[in-house]
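One structure below.
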Amino acid sequence: MAIYRRIPKRGFSNAKYATRYTVINVGDLSNLFEDGAQVSIEALCEVGLVRDAGKPVKVLGDGELTRKLTVSGHKFSRSASTKISEAGGEVRQL
């Protein structure tokens, strides 16, 4: 058998260096926060949606938002930012 077939093949994997976000849905924010609240990463930790405040947070647009919230996060999906803006809230990217 040829030597290139006998030696194990190893390559580069980006899994060790990939950024892993804590995912939060807009519907969860609507259920847990009052109208006009400031939703920061620390506030999400207090409520229990985020376990580690050191990890980046991404807000997704799953669910309905009926309250005016000022949401701070590292990333926002397009649908989440439009739902927050349509409800009269504000998106603050960190």
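Overview of results
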quantity	calculated
Tally, over the range 60-83, of residues that are under 26 Å from R20 (Cβ atoms) and more than 14 Å from the chain's Cα centre (by Cα)	6
Subset of the range 1-44 (residues that are surrounded by 13 or more Cβ atoms within 10 Å (Cβ to Cβ), of a type in the set (A, V, I, L, M, F, W, C) and within 18 Å of K58 (Cβ to Cβ))	V23, I24, V26, L29, L32, F33, V39, I41, A43, L44
Condition check for D52: under 14 Å from the mean Cα position of the chain (by Cα) and among the acidic types (D, E)	yes
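A short reminder: the numbers here are calculations on the coordinates, not readings from a lab. Just so you know, these numbers come straight off a predicted model, no measurement behind them. Cβ sites come from the backbone with ideal geometry, for glycine too, and all protein chains shown count toward neighbours.
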